[in-house]
Structure formats: structure tokens, C-alpha cells
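Participant: One structure follows; several queries about it will come next.
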Amino acid sequence: MLTRADSEVLAVWTAISRSAVDGREMYWGGREASDSLTDAHQLLCILRPATEASMFILDRPDQTRRDVARSLAALGDEIMIPIALVGYIRSYLERYTGADGRPVFSAPSHLRGKDVDDQLRSADVVPSYAASISLCLAAIGFLRVLGFSVRRADRQQEIREVESLASTRLTAAMIGLLRSFAVRALEPGTREAERLMAMLNREKGVPSRQVVSEFRTSLRQIVSRLRDDVTIGSGETTGVDRDNVLFECGWSWGIVQNAPLVDTSAEVAQPRNGLAEERPHLYHTATVVRAVADLVSERTRVLGLLSAEQLRLSQSVQLRWEIARAYWTTVATLGSGRWPIEDLPWQMVDGEESDLLSVVLAHIVTGSGLLSGSELTRLAQLLADLAGRGRVTSRATADDQAVSRHEPGELFRLYADDGIDAAWLAADYSPLLLSASIAMSARLGESSSVSGEQRREMGDLIQRVWRHLAARRITDGLHTGLWDQPAGAFGHVNRLYEGASWSFTYAVVHALVEAMQTAAETPRPSAGLQNQALEMIEEAEVLLGHAWTYANRGQTIEQEVARIARSLAEASTLADRRPATAIALATDALSLLHRLEVARTVDEQF
């Protein structure tokens, strides 16, 4: 694991303090032009660690560590840092609220193509909905806790006002996700159905009818939930019930065309018409899956961050989240032989194929909790293969096409009106691979059937991916210490950037926070170590019984045997949860008991 992830986050905060803030003002934007997504990521670079990692507490000034406060010195001292953050949060929320009071979720700096017009530039996009879920939950939690430490009436009033703005945006983001969910039946014989069939039918010789039957059987419960439980927002299931039809589900890039308005008591204006075709995309689905994990987290529940109406909306979002994770996990691992996901790269039904899609799909499957043991190790090997294919852990050659995944990035088509030339730019292959690998490390740590060697291999992969990312830090100019400078890792890339990519930097920070959270968890020990500990303790207890028979020969011997007994008792209590420690204690006890037995034998001979 990344054992010093905390110091890396401190380095990022120091760089932000030096380059992007000045007291109560935040300088928005970087390499990408300022928009609702880029600026949300910029703010989350501070707020996610501050609300998800205990060592980075900022909302309780009396508990803020000195090194943490020093890293954000441009904001002020321990007292003024959180006050400055309140101002940054307010600035963002007001900046992205329209004149009509409707929150703005457009992200034009991430769009590419000759048909990107004013209508597309101003359209709400799913990645901004997802980022706002994470941002607003972090902000509301931060403000709630900070409110207990603030005494001045004017500051308490400001905190309440900013929390209200954040809550409004959170509600709007959830409604947006409910209207962006897409279910699409693939008619038999169409090229799209044939592409999905080709991905599912890895054995090639299996009749299509059998593959469709296995697909439908595996997804029977999902079809039932789509039909019976998805009752508000988009997600029309017309045609999905037919037994000979393949289908896909997940999130599109924006509000889908003709998506009904969401019936809600919340006073939030909803866009009347969506532009996106009702066609799910794996990349955007994966983006939402990660964000909704914040919505359904224990922190959100314990702090009571949602109102009664938001709880109702969140349940509908969570339903779609569960359905999407189960769908893509089932599709990725369908069949008893080689899995579809193992046939790299992953191909979408429109023919779009990419190793980045394989990375995000592997992340979804890892987080689903539906795999265990040997299935996890298969997926872990896939991540290692993707690291090599993406030239993250292998050397890139001149004119290597794999480098284009990082610079300039991959383009995923935006389906709207027929023939439109517009796409979403995604260049986060490496940080998403790091995040997926960290998630896999956590899952391997929970499995008692995974060997220590397999866990170490995943830890080694994480270190190698991190070294690649560390080489891509900007090393010169105002944004030194932030990301992304692809030329740092790929010597054949000639273009050098001066400004930070806040979306890329946030993806790295997000992964670092996940690394800290995973490192803080106690890994589940292997059954092999547990058995070894119990066998050693059992042998030591037999020898201990012999030792007690001659312990009365002297006070010193009796005290030594009593100490060994206490050590073995401690080892017995640790055998299940910390077997390596139990083995160490048992080893010491066996060594001491052996010496006592040798000494007794010598005494008896003389």
C-alpha cells in the first residue's frame, strides 16, 4: 500500500496554498477553463481529505494538526482556515447558480468536436451531477461540524446560508441523476446486439440462443427491479421483458430526451428537455457509481446530512446504483470459462473500445462485493495487465499508441441528435487504475482464502502505478506539485503544460484518500497463518504442561514458566485476528520452553 499517502496529500495542499488561494479568495480554473466540474474538483482536492481522513480535520480547529495547518498557511491559521473554506464553498455555489435560481451543471471545458455549440456547452452533464453529489455532501458535513465551534452570530448565519445553498444543489444533482438513467433494449439481429453477443460469447462455439438464455437468467432479478421498482425519472423498460432481447443499463452523459420531470416537494427548478439519447455509457456509469458511494456511506447516515425529501430521492438513486453495479458485474463475468472482461479491451455496443473502459469496469466489479477468493485474484491479474497495456508499468516506445490514452486522452462520443460530432474527453487512465488497484487491495485483505503473496503482488502494483503518477507531477511554475505533466513519464511526449488539471489532480487525491482509508483497516488474516498459529500454540501448551511439573524446583523457574503461560494465553486470543503476532509469541514461548527442557534434562543426568 501507499504507506505515506498522508504526506502526498499534504504536498498537494501545500501546492494549492501556494498557487490557487489567497486568504478568502480561491483562483478558479487551471489548464481546463473554469466550469462547474473543474471547479468542483478543485474544491474537492481540499474538502475530500478534510472530511474523509481523520488526520486532515479542519472543521474542529482545536484538533487541527500543526503540519496540516502549515500546508494551508495561505488560508490563515487553524481558526481562519475553515472560515476561508466556507467562503470558497459559497463562491462555488453562487458561481454555478443561474439567474433563475437553478443550479448549473455544465462542463464545456471537457467537450470536444466541431458540433459543440452553445446548447451543448450549457447542457447539464452527468459527471458534474456526480461531482456535486460528493462536493455537497462533503460541504454540508463540514459546515455542520464547524457550526459547533463558531461563536460569532454573523459567521453562524453565513454557515446556515451556505449549507442551504449546498443542500439545494445536492437535491438538484440527485434529480439530474434520476433523469439521466438509461435502459436500452438491443433488438435481435442489430449490429449492437451482435457486438454485445460477441463480448459475452467468449467460447465462440456456444450457440447464440444459449448465451442469451444465460444472460437473461443471470439478470432475471435485475429485469424485475427495473420493471417494478424504477418508478420515477428516466429508465423506461420497453422491450426489456422479452426473453430473446439483450439490453444494457446505466447512466447516459446527460438528461435523456423526453425524461419525465421528477415529482418532488423540493423547490428546485428542473430542465424541461434533455439532449442525451437514452443510451447508457460505461465511463459515465462508473463515474456515478463512485459518487453515489458517498451518498450511501455511513458518514452520510451518521451525520444526518440528508433531509426527509433528499432521503426519498437518494433511495431512488441508490436503487439505480445497485442495479447498474449488478448489471455490469454480471455482464463482465458471465459464463464459466473466460470472462468477457478478460478479453481486452472492453467494447461498447456502438463499437467504441478502450482499455480505460476495462479499467472502470474492473473497478465496478471489484466494488460490487459479488466476487471472492480466486475470482478476485483473476481480476487482480487483469489490473496488472491493464497497467502494462497502458504503459503505466511498462516502457512506452516512440509513437506508442497507448500513450494517447494519457495525452491527450480518450474521446467518448456524446449521443444526441443524429450525426452530431461531439465527445467527452477522458484522460484519467492512471489515477483510475490506482483507485481500482487500491479497491482490489482492500477486497483481497478481506478474503481469508487469498495468500499473503497475492496481497503483496497487489501492493507492489500499487507502488508501481504510484511511481508512474509521481513522475507526472508538474515540476516547474506556479502549479508545481500538482498534476498533470504526461511528459514526465513519457519521454516521447513533447508538449509541456504549465497549468494544473484539477480533474486529474482530484482523481489522484481521491485515490490517496482511499489508500489512507484502506491502510487504516486491519486486513483479514489468511486461514493458513491462523492454522499455523493454532498448531504452534497447541505444541507450546503441551510443553508448558510438562514444564509445570518441575516448576516447583525453584522460584526463578516457576516465575519463568508463569511468564510463558501468560504469553501463550495472549497468543491464543490473537490467533484469529492477528495470527502473525500470535506466531511470534508462540515462537518465543517454544524457544524458552525448549531451553527449560534441555536444562531439566541436564540436571537429571547429574
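Participant: What tally of residues in the range 331-361 results from selecting those that are open to solvent by less than 30 Å² (accessible area, probe 1.4 Å) and either among the hydroxyl-bearing types (Ser, Thr, Tyr) or touching a Phe, Trp or Tyr at 6+ places or on another chain (Cβ under 9 Å) (or both)?
Facilitator: Number of matching residues: 14.
Participant: Looking at the range 272-285, is at least one residue surrounded by fewer than 19 Cβ atoms within 10 Å (Cβ to Cβ) and touching a helix residue (DSSP H, G or I) at 6+ places or on another chain (Cβ under 6 Å)?
Facilitator: Taking every residue of the range 272-285 in turn, none turns out to be surrounded by fewer than 19 Cβ atoms within 10 Å (Cβ to Cβ) and touching a helix residue (DSSP H, G or I) at 6+ places or on another chain (Cβ under 6 Å).
Participant: Return yes or no: is ILE46 free of Cβ contacts under 8 Å to residues at least 60 places away in the same chain and open to solvent by 10 Å² or more (accessible area, probe 1.4 Å)?
Facilitator: Spelling it out, it is not the case that ILE46 is free of Cβ contacts under 8 Å to residues at least 60 places away in the same chain and open to solvent by 10 Å² or more (accessible area, probe 1.4 Å).
Participant: Still on this structure, I have one more. Looking only at residues that are of a type in the set (Lys, Arg) and assigned to a loop (DSSP other than H, G, I, E, B) in the range 197-231, which one is nearest to ALA182 (Cα to Cα)?
Facilitator: The extreme case among them is ARG202.
Participant: Still on this structure: Evaluate the range 503-514: report whether one residue or more is under 24 Å from the mean Cα position of the chain (by Cα), polar (S, T, N, Q), at pLDDT 95 or above and open to solvent by 10 Å² or more (accessible area, probe 1.4 Å).
Facilitator: Among the residues of the range 503-514, at least one is under 24 Å from the mean Cα position of the chain (by Cα), polar (S, T, N, Q), at pLDDT 95 or above and open to solvent by 10 Å² or more (accessible area, probe 1.4 Å), which makes the answer yes.
Participant: Tell me, yes or no, whether the range 348-359 has at least one residue that is at pLDDT below 95 and over 27 Å from LEU120 (Cα atoms).
Facilitator: No - not one qualifying residue is present in the range 348-359.
Participant: Can you tell me which of ARG378, ARG391 is out of contact with any Pro (no Cβ under 8 Å at 6 or more places or on another chain), at positive phi and either modelled with pLDDT of 95 or more or part of a helix (DSSP H, G or I) (or both)?
Facilitator: ARG391
Participant: Ok, one more. Report, ordered by the first and then the second residue, all pairs with beta carbons closer than 6 Å, sequence separation of six or more or different chains, a first member in the range 29-40 that is under 20 Å from LEU120 (Cα atoms), and a second member that is open to solvent by 30 Å² or more (accessible area, probe 1.4 Å).
Facilitator: Within 6 Å, the pairs are SER34/TRP28; ASP35/PRO108; SER36/VAL104; THR38/GLU32; ASP39/TRP28.
Participant: Does ALA362 satisfy being touching a helix residue (DSSP H, G or I) at 6+ places or on another chain (Cβ under 6 Å), within 20 Å of HIS510 (Cβ to Cβ), in a helix (DSSP H, G or I) and among the small types (Gly, Ala, Ser)?
Facilitator: In short, yes.
Participant: Could you grab me the full set of residues in the range 232-289 that are closer than 11 Å to VAL126 by Cα, in a loop (DSSP other than H, G, I, E, B) and hydroxyl-bearing (Ser, Thr, Tyr)?
Facilitator: Listed by number, the list holds a single entry, SER252.
Participant: Cβ-Cβ under 7 Å, sequence separation 6+ or interchain: first residue in the range 347-363 and free of Cβ contacts under 8 Å to residues at least 40 places away in the same chain and within 17 Å of ALA384 (Cβ to Cβ), partner small (Gly, Ala, Ser) and open to solvent by 10 Å² or more (accessible area, probe 1.4 Å). Which pairs?
Facilitator: none
So that you can scan it fast, the table gives a plain yes or no per residue for (1) out of contact with any Gly (no Cβ under 9 Å at 6 or more places or on another chain); (2) among the aliphatic types (A, V, I, L, M):
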| position | (1), (2) |
| --- | --- |
| SER180 | no, no |
| ALA185 | no, yes |
| GLY189 | yes, no |
| ARG195 | no, no |
| ASN201 | no, no |
| GLY205 | yes, no |
| ARG209 | yes, no |
| GLU214 | no, no |
| THR217 | yes, no |
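Participant: Then there is this: Being over 28 Å from the mean Cα position of the chain (by Cα) and small (Gly, Ala, Ser) is the filter here, so list the residues in the range 123-164 that pass it.
Facilitator: GLY147, SER149, ALA153
Participant: Let me ask something additional. Would you mention how many residues in the range 170-196 are in contact with a Lys or Arg (Cβ under 9 Å, 6 or more places away or on another chain), crowded, with 20+ Cβ neighbours inside 10 Å and assigned to a helix (DSSP H, G or I)?
Facilitator: 3
Participant: I'm told GLY23 meets every condition in (1) buried (at least 24 other Cβ atoms within 10 Å of the Cβ); (2) on the phi > 0 side of the Ramachandran plot; (3) not charged (D, E, K, R) except one. Can you identify the failing condition by its number?
Facilitator: Among (1) buried (at least 24 other Cβ atoms within 10 Å of the Cβ); (2) on the phi > 0 side of the Ramachandran plot; (3) not charged (D, E, K, R), GLY23 violates only (1).
Participant: Identify, from the list GLY87, GLY98, GLY147, the residue that is without any contact (Cβ under 8 Å) to a residue 40 or more places away in the chain, closer than 20 Å to SER36 by Cβ and not β-branched (Val, Ile, Thr).
Facilitator: Within the list GLY87, GLY98, GLY147, the selection yields GLY98.
The values are calculated or read from the model by the stated rules, or taken from the named source; none is laboratory data. In this text, all values refer to a predicted model and were calculated from it rather than measured experimentally. Glycine also receives a Cβ, built like all others from the backbone with ideal geometry; neighbour counts cover every protein chain displayed. Only protein heavy atoms, including side chains, enter the accessible area calculation; ligands, DNA and RNA are left aside. Shrake-Rupley method; radii C 1.70, N 1.55, O 1.52, S 1.80 Å.
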